[in-house]
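Values quoted throughout were computed directly from the atomic coordinates according to the rules given, and no laboratory measurement underlies them. These numbers were taken from a predicted model, which means no experiment stands behind them. Positions of Cβ are backbone-derived with ideal geometry, glycine not excepted, and every protein chain shown enters the neighbour counts.
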Amino acid sequence: MGKEALHKSPSYYIRQRLLSNKPAILGLLIILLSCVIATLGYVIMPDDTPNANDMAVEIQKKPPMFKAKLLLYKKDKEVEQHNFFYKLLFGQESEYMPIPILSYELKKDSIFYQITAIARSETKRDSSRRKKQIEKFQRQSTIKTVGKPLISFVRAVYPNKSTKIDTLGNIYKLEGETITYLDLNEQLQQVSLSVIQKEFIENNSIEKTYYFGTDRLGRDVLSRLIFGTRISLGIGFVALLISLALGIILGALGGFFGGIVDSVITWLMTVVWSIPNVMLVIAISLALNSKGVWVAFVAVGLTMWVEVARVVRGEILSIKEKVYVEAARAFGLSSWRIIYRHILPNMLGSLIVISSSNFASAILVEAGLSFLGLGVQLPMPSWGIMVKEGFNVLGTADSWHLIFFPSIAISVLVLAFNLLGNGLRDAYDPKTMLK
């Protein structure tokens, strides 16, 4: 058994050391779960509309596990239906607009439902006079009863007045048990009243649970958190690729060739390292004359390459003096081939470790930039934007969850990458070789 152990490859011991590190495995499981959530995205989101932006301001800032009765009002336009893969990437626009209600009643070809006025939130900093004004406003808030044609909930009807039904410009009429209405193309259509009532009960009246509550615009917080996972991991991944590409190339050039090349690259690294991330991002945004997710990709990547370059340069300075590198030179191999085939593979462990820590840094930088309005832009949900929206209503009633959930998501994912990074560092350290 002892002789067999001597023949095991270094990668075997690396795997064993990593698998024995329980915090690192926990971090890896959290990252894998986050990747699954980000990949599925719209498929598992309660609100699968683009950017999880289906709002109902009547139920703004509701606490977790809030249940709402909703009527689904048919939009007066054709909504294009997409295939599964398109929905997976970009979501599917809803055919309906949600209307939160207290109750409803069907009366033949009409529906009457009760809604409440939007009450203002009371803040902890309100003066006594302000509190009295709010209490007076809340006492004056009444339940309103609204009546609408039933056909407009179930079918997409012509949005403007027309004389095709009658001279009054109505878009439908009821004759006995038959409803005649105008579709979106202003064409006459007929349907039975009983069919419309049945479709309404089956499809247009639902009760929905908001497990993580709603934000200040009445959007589902859970859906926006799930989509934010895709944004954070996506920006972290692309930014990591940019930083690795720049860092490896420049670090390899400086470390291998030395001389004036190394001096120039070291000077560049020192200059970039001295610029605060926020200032660098502002400069990049001004240079690109744009803001948004793509600017965040580039900006975060360009703020992280220096650390990669410093590690690569230091590793190459020590590796290039090894005997096998001298042998490769003696065989007449080009400098690029020596770097690519003989030096960089021996730095794989260091690059994996620094990639894990940089991924965590990228998530934090993106969240900070979005909080400041320099990263992802509304209505696209990002954890940083969600924290900012929660911060804007900090101190108002029923607003704690708007900061709590995205903050926990950021902390857990960053912690997972740091745990994995620490585990990888220990796994690649030969001093911790299993006995």
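Could you give each residue of the stretch 200-206 its phi-based ³J(HN,Hα) in whole Hz, using Karplus coefficients 6.51, -1.76, 1.60 with θ = phi - 60°, and x for Gly or Pro?
Residue by residue, the stretch 200-206 yields 5, 4, 6, 10, 10, 10, 9 Hz.
For the pair Ile352/Ser103, report the inter-label distance in nm, with labels modelled 7 Å from Cα in the Cβ direction.
For Ile352 paired with Ser103, the spin-label model returns 6.4 nm.
Just how large is the dipole of the chain about the Cα centre, in debye to the nearest 20, putting +1 at every Lys and Arg Cβ and -1 at every Asp and Glu Cβ?
1200 debye
Determine the relative contact order of the chain: mean sequence separation of Cα pairs under 8 Å and six or more apart, normalised by residue count, in whole percent.
Result for the chain is 22 percent.
Determine ³J(HN,Hα), in whole Hz, for all residues of the stretch 183-198 in sequence, where each value follows from phi through the Karplus function 6.51 cos²θ - 1.76 cosθ + 1.60 and θ = phi - 60°; x replaces Gly and Pro.
7, 4, 8, 6, 9, 6, 10, 10, 8, 6, 4, 5, 5, 5, 5, 5
In nm, to one decimal, how far is the modelled label at Lys8 from the one at Leu40, with both set 7 Å along Cα→Cβ?
That separation, rounded to one decimal, is 3.6 nm.
Sorted by mean Cβ packing within 10 Å, highest first, what order do the peptides 278-285, 21-28 take?
Most protected by this proxy first, the peptides run 21-28, 278-285.
Of Gln190, Ile242, Ile165, which is farthest on the positive side of the dipole of the stretch 144-265, counting Cα position, with +1 on Lys and Arg Cβ, -1 on Asp and Glu Cβ, and the Cα centre as origin?
Ile165
Going by amide H atoms built from the backbone, whose H comes under 5 Å of the H on Gly375, apart from near neighbours?
The list, which skips near neighbours in sequence, is Ser370.
I need the calculated FRET efficiency for the pair Leu29 and Lys87, taking r as the beta carbon distance and R₀ as 30 Å, to the nearest 0.05.
The calculated FRET efficiency here is 0.65.
Using only DSSP helix segments of four residues or longer, with each worth -39500 (n - 2.57), what per-residue ellipticity at 222 nm results for the chain after dividing by its residue count and rounding to 500?
When only DSSP H runs of four or more count, the value is -17000 deg cm²/dmol.
Based on the mean of other beta carbon atoms within 10 Å per residue, what is the order of 210-220, 398-408, most packed first?
Going by the mean number of other Cβ atoms within 10 Å, highest first, we get 210-220, 398-408.
Ranked highest first by the average count of other Cβ atoms within 10 Å around their residues, in what order do 196-206, 160-170, 356-366 fall?
Sorting 196-206, 160-170, 356-366 by mean packing, highest first, produces 356-366, 196-206, 160-170.
Among the helices of the chain (complete DSSP H runs), which have Cα atoms covering no less than 20 Å along the helix axis and a Kyte-Doolittle mean of at least -0.5?
Membrane-span-like by this rule: 22-40, 221-257, 259-274, 305-319, 348-372, 400-427.
At q = 0.13 Å⁻¹, what base-10 log of I(q)/I(0) does the Debye formula yield for the chain when every alpha carbon is treated as an equal point scatterer in vacuo?
Summing over Cα pairs of the chain leads to -1.19.
Under the 0.36 nm per residue contour assumption, what length would be gained going from the current alpha-carbon distance of Glu175 and Phe331 to full extension?
Difference between extended and current length: 46.6 nm.
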